[in-house]
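Contents: one structure, followed by commentary.
The values are calculated or read from the model by the stated rules, or taken from the named source; none is laboratory data. Every value quoted in this text rests on a predicted model; they were computed, and no experiment measured them. When we count neighbours, we look across all protein chains shown, and the Cβ atoms used for this are built from the backbone with ideal geometry, even at glycine. To get the accessible areas, we keep the full protein, side chains included, count just its heavy atoms, and leave off ligands, DNA and RNA. Shrake-Rupley method; radii C 1.70, N 1.55, O 1.52, S 1.80 Å.
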Amino acid sequence: MALIVQKFGGTSVADPERIRAVAEHVAFTKRHGNDVVVVVSAMGKSTDNLIKLANDVSSTQPAREMDMLLTTGERISMALVCMALADLGIEAVSFTGSQVGIITDTVHTKAKILEVKGDRAREALAQGKVCVVAGFQGVSTEREITTLGRGGSDTTAVALAAALNADSCEIYTDVTGVFSADPRIVPQARKLQHINFDEMLEMAGAGSKVLALRSVEFARNHNVPIQVRSSFTWEPGTWVVQEDPSMEQAIVSGVTHETAEAKVTISRVPDEPGVAARLFRRLADSEINVDMIVQNVSTDGHTDISFTVPEVDLTRTLQVAEEIATSVGASGVAADPDIARVSIVGAGMRTNPGVAATMFEVLANEGVNIEMISTSTIRTSCVVRAGDVERAAQALHSAFGLDAS
Ligand code: ADP
Ligand code: ASP
Ligand code: MG
């Protein structure tokens, strides 16, 4: 008997019919002799709606209360899925993240999972029940309810699969797998049969939200194979797995884009040791993930520092940047939310020089100006104007031979 974790995203449980369709699929899996743990997201856009509600009520939004609010979305889904399963004659029991023992750190709204106990899930499975868990949430070491950051239900699913030693982890969503680019932006994108953890990690880090970044980190660290597939067609999807020597090492496997970032520039910073250290330590202590950093060549003892951060963190970033700018005597801080990042990812980039150069040529031919560049061994990213990013992604997708024939 296999143990299968099945995670259903927001669109997969968006309305009563979808919930009943999910229950049918879970019942089918169970009746074929498998143990099933289901992880659910909030219905449709309900997390967005809860955030809007908070915006309408409050400008301070204490993070603890945000988490109390946002975790309700997944709680609705888990109860409804259990009810739909009951109608099909399947015994099921729902658990919040806290009940199932997802223990996190104390960073509200983007908590990290420290440990998964999973006792109640094991007990339910031993009684022959389907176990339905609310995604995206846990309980902190200080016994407070936490959330895992947007898209965090993926992480709940992979973490539970690892803790329960599941045979597979299926992530059901509204596309049929991981594509060579976001099919909504690049219609000629191809579905990948498989992709390795390192490439998927870079794609998730570079803005492909088909899998949350932390879920891929978890999968890689615990070697949990993931299948990303559609809850609308139920066809076989994309396997995200550890490197298989027979797997083709594409030079470029995918193109990703990210528009939810902003650029911050501190100008005329005195060029002396310790300024960057203070700035980025303060940002890190505020739980702000800085992505790209560029420091210009110093002229007359002053330099400009630019960096990118998630747009949601822009207000807090500006507070920190302005404090530091004042204290070191820099001339000012400017924010530019109108940027986007386009990236190419591929394991074969390790051994093929010239890939970055080709990327820059393609962007030049499109008349797209590059404002910042960053690279890893298997990724090259460029910051461009937000208005150029779709054209850039499509041109790169074609130029690297990824278009579906
Ligand atoms: P869910 O609610 O099921 O978690 P998400 O909206 O978080 O779904 O993720 C699925 C979406 O990810 C797709 O609708 C698609 O637009 C987007 N996406 C971005 N990049 C890719 C990619 N490379 N392959 C597939 N989907 C992608
Ligand atoms: N409901 C949460 C979100 O919208 C978590 C998830 O769907 O994975 O971000
Ligand atoms: Mg998601």
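Does the range 90-108 contain at least one residue that is free of Cβ contacts under 8 Å to residues at least 12 places away in the same chain and away from ligand 1 (no atom under 14 Å from the Cβ)?
no
Collect the residues in the range 236-248 that are open to solvent by 70 Å² or more (accessible area, probe 1.4 Å), out of contact with any His (no Cβ under 6 Å at 6 or more places or on another chain) and of a type outside the set (Gly, Ala, Ser), keeping them in residue-number order.
Pro236, Gln242, Glu243, Pro245, Glu248
Which residues, taken from the range 367-402, are part of a strand (DSSP E or B) and within 14 Å of Ser343 (Cβ to Cβ)?
Once the filter is applied, which keeps residues that are part of a strand (DSSP E or B) and within 14 Å of Ser343 (Cβ to Cβ), the range 367-402 yields Met372, Ile373, Ser374, Thr375, Ser376, Arg379, Thr380, Ser381, Cys382, Val383, Val384.
Give the residues of the range 203-235 that are open to solvent by 40 Å² or more (accessible area, probe 1.4 Å) and either over 15 Å from Thr173 (Cα atoms) or touching an Asp or Glu at 6+ places or on another chain (Cβ under 6 Å) (or both), sorted by residue number.
Residues satisfying the conditions are Leu213, Arg214, Glu217, Phe218, Arg220, Asn221, His222, Asn223, Pro225.
Looking at the range 191-212, can you tell me whether even one residue there is within 21 Å of Thr104 (Cα to Cα), within 16 Å of ligand 2 (Cβ to nearest atom) and touching a helix residue (DSSP H, G or I) at 6+ places or on another chain (Cβ under 6 Å)?
Yes; the residues of the range 191-212 include at least one that is within 21 Å of Thr104 (Cα to Cα), within 16 Å of ligand 2 (Cβ to nearest atom) and touching a helix residue (DSSP H, G or I) at 6+ places or on another chain (Cβ under 6 Å).
Among the numbered criteria (1) among the basic types (Lys, Arg); (2) modelled with pLDDT of 95 or more; (3) in a loop (DSSP other than H, G, I, E, B), which single criterion is violated by Arg229?
Failed condition: (3).
Quick one: how many residues across the range 232-258 are more than 16 Å from ligand 3 (Cβ to nearest atom) and in a loop (DSSP other than H, G, I, E, B)?
Count: 16.
Just checking, which of Val22, Val26, Val39 is in contact (Cβ under 8 Å) with a residue 60 or more places away in the chain, crowded, with 19+ Cβ neighbours inside 10 Å and in contact with a Gly (Cβ under 7 Å, 6 or more places away or on another chain)?
Val39
Which of the residues belonging to the range 285-303 are open to solvent by less than 50 Å² (accessible area, probe 1.4 Å) and either in contact (Cβ under 8 Å) with a residue 60 or more places away in the chain or within 21 Å of Pro337 (Cα to Cα) (or both)?
The answer is Ser286, Ile288, Val290, Met292, Val294.
Mind checking which residues of the range 149-171 are within 12 Å of ligand 2 (Cβ to nearest atom) and either more than 30 Å from Ala63 (Cβ to Cβ) or surrounded by fewer than 24 Cβ atoms within 10 Å (Cβ to Cβ) (or both)?
If the condition is that a residue be within 12 Å of ligand 2 (Cβ to nearest atom) and either more than 30 Å from Ala63 (Cβ to Cβ) or surrounded by fewer than 24 Cβ atoms within 10 Å (Cβ to Cβ) (or both), then Gly149, Arg150, Gly151 are the ones that fit.
Can you tell me which residue in the range 192-231 is farthest from ligand 3 (Cβ to nearest atom), limited to those that are within 27 Å of Arg20 (Cβ to Cβ) and among the basic types (Lys, Arg)?
The selected residue is Arg229.
Identify all residues within the range 263-279 that are of a type in the set (A, V, I, L, M, F, W, C) and without any contact (Cβ under 8 Å) to a residue 24 or more places away in the chain; write none if there are none.
Ala277
Would you mind listing the strands (runs of 3 or more DSSP E) fully within the range 275-351 where at least 2 residues are touching an Asp or Glu at 6+ places or on another chain (Cβ under 7 Å)?
Filter on the range 275-351 gives 302-310, 339-345.
Just one of Leu85, Leu70, Leu50 is open to solvent by less than 40 Å² (accessible area, probe 1.4 Å), among the hydrophobic types (A, V, I, L, M, F, W, C), within 20 Å of the chain's Cα centre (by Cα) and over 26 Å from Glu217 (Cα atoms); which is it?
Leu50
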